[in-house]
Structure formats: C-alpha cells, structure tokens
Amino acid sequence: MIQSTEEKPFKKRNYRPAIIILSIVLIGVIGLLSGRQGVEDFDAFDVTILPLINAILNSFTFLFLVGALIAIKKRNVGVHRKFIYAAFCTTALFLVTYVAFHYLAPSTPYGGSGILAGIYYFVLITHIILAAAIVPLALTSVARAWNREYERHRKIVRWTMPIWLYVSFTGVLVYILISPYY
C-alpha cells in the first residue's frame, strides 16, 4: 500500500453562532440563578457538598491550565491540547454542579467583616466579571485552534489563559472565604 504525502483537504467551520448562543445561555442561566431562594424541603442529599466539589473542580482546572501552559512553552502541542481538553471537562463538570447548587440552595451571604470582607467582595466581583468573559474567550480560543488559525489562536490566548487561570484560582479562593457560612 502506498502512503500519500498529501493532506486531506481541510474546511474551516463557523463556530461563532454556537459560541454566541452557548455564551448567552450559560451566562443567562447563571444570572437567573443568582439570588434564588432554592428548592423548598430538598433533602435528597446535603447540597452544601456541591461548593466543595466546585472548588475541587476549579483546582483541577487551574492545574490542567498550568500543565497546558508548560506544555505549550515546551512546544508540545499534543500534551497542551490534552490539558486544555481536561480543563474544559472539569469546567463543564463545575458548571453542572454550580448550576445544581444555585438551583437547589438559597444564596449564601458572606458573614465576615473588616478587611476580609473587602478582600472577599473584590475577589468575588472580579471573579464574576471575568468568569462571564472567559466563556466566549475560551470557546473562541479552542475554535481558532480547531480551524487551524494558529496565529489568531495565539493572539486570543494571551488574554484567555491568564483570565481563565485567575477565574479558576479565585473560584477556589471564594469557596475558602465563604465556606464557613454554608
């Protein structure tokens, strides 16, 4: 059998509509859940375990992103890609548990005061704003890689990677700061 050295033709796909719809739906659902009272008399399991799971998933996302960053700095694209896919998986699982918690449980107010309250609210507000921004940024970044638009991919990931790292790290920090009040 003779091996052909020609590559199969590649056709770019337009991911923009899917990115826009997914971003609006995810951010919209999360926005609608904020401040909810939760499901009355829900006792199938202790829902306060979900924020811990969220923090664990955010920790894994952070570690996977660091691994992806190290891999790409070493020009190991295959390992980089696997770490990015792992980060997307843990982020997707995080979103499921986050939505479940905020659907089932009432909002938890922060009970601290003083400098810690200031730190908490600063971290929380920046986390929320950047978490909303990371949805279309991460999806656009991966779409550009899938479309082999490597130069455009490199340009956007200069923003995506640090923001996603910040969001995953501060997600854990927010949990640590509010966990005494669950």
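Evaluating 6.51 cos²θ - 1.76 cosθ + 1.60 at θ = phi - 60° for every residue in the stretch 166-178, the Karplus couplings come out as 4, 5, 5, 5, 6, x, 5, 4, 4, 4, 4, 6, 9 Hz, glycine and proline recorded as x.
Backbone phi angles across the stretch 10-27, fed through the Karplus curve with coefficients 6.51, -1.76 and 1.60 (θ = phi - 60°), yield HN-Hα couplings of 10, 10, 5, 10, 8, 8, 3, x, 5, 5, 5, 5, 4, 5, 5, 5, 4, 5 Hz in residue order; Gly and Pro are listed as x.
A Förster distance of 30 Å, applied to the separation of the beta-carbon atoms of ALA132 and TYR85, puts the FRET efficiency at 0.85. Rounded to whole numbers, the Karplus 3J(HN,Hα) couplings from phi for the stretch 101-116 are 4, 6, 7, 7, 10, x, 4, 9, x, 6, x, x, 9, x, 4, 5 Hz, using 6.51 cos²θ - 1.76 cosθ + 1.60 with θ = phi - 60°, and x at Gly and Pro. Checking (i) 17.1, 50; (ii) 17.9, 72; (iii) 19.1, 74 against Rg and Dmax of the Cα atoms in Å calculated from these atoms, the matching label is (iii).
Any idea what the relative contact order of the chain is, in percent, if you count C-alpha pairs under 8 Å spaced at least 6 apart?
Relative contact order of the chain: 32 percent.
Residue separation of GLN37 and LEU52 scaled by 0.36 nm, minus their Cα-Cα distance, works out to 3.4 nm of gained length. In percent, rounded to a whole number, the relative contact order of the stretch 37-145 is 33, using alpha-carbon pairs under 8 Å and six or more apart.
Close amide H partners of ARG36, meaning residues 5 or more places away or on another chain with modelled amide H under 5 Å apart, are SER107. The calculated 222 nm mean residue ellipticity attributable to helices in the chain amounts to -26000 deg cm²/dmol, summing -39500 (n - 2.57) over DSSP H runs of n ≥ 4 and dividing by all residues. Spin-label model, ILE27/LEU63: points 7 Å from Cα along the beta carbon direction are separated by 3.1 nm. Among the trypsin sites (Lys or Arg not before Pro) in the stretch 101-182, those placed in a DSSP loop whose Cβ has at most 12 other Cβ atoms within 10 Å are ARG148. Using a 1.4 Å probe on the protein heavy atoms, what percent of the accessible area of the chain belongs to carbon and sulfur? So the carbon and sulfur contribution to the accessible surface is 68 percent.
The values are calculated or read from the model by the stated rules, or taken from the named source; none is laboratory data. Computed from a prediction, not measured in an experiment: that's the story for all the values here. Cβ coordinates were reconstructed from backbone atoms using ideal geometry, including for glycine residues, and neighbour counts include every protein chain displayed. We work out accessible area using only protein heavy atoms, side chains counted, and drop any ligands, DNA or RNA first. Shrake-Rupley method; radii C 1.70, N 1.55, O 1.52, S 1.80 Å.
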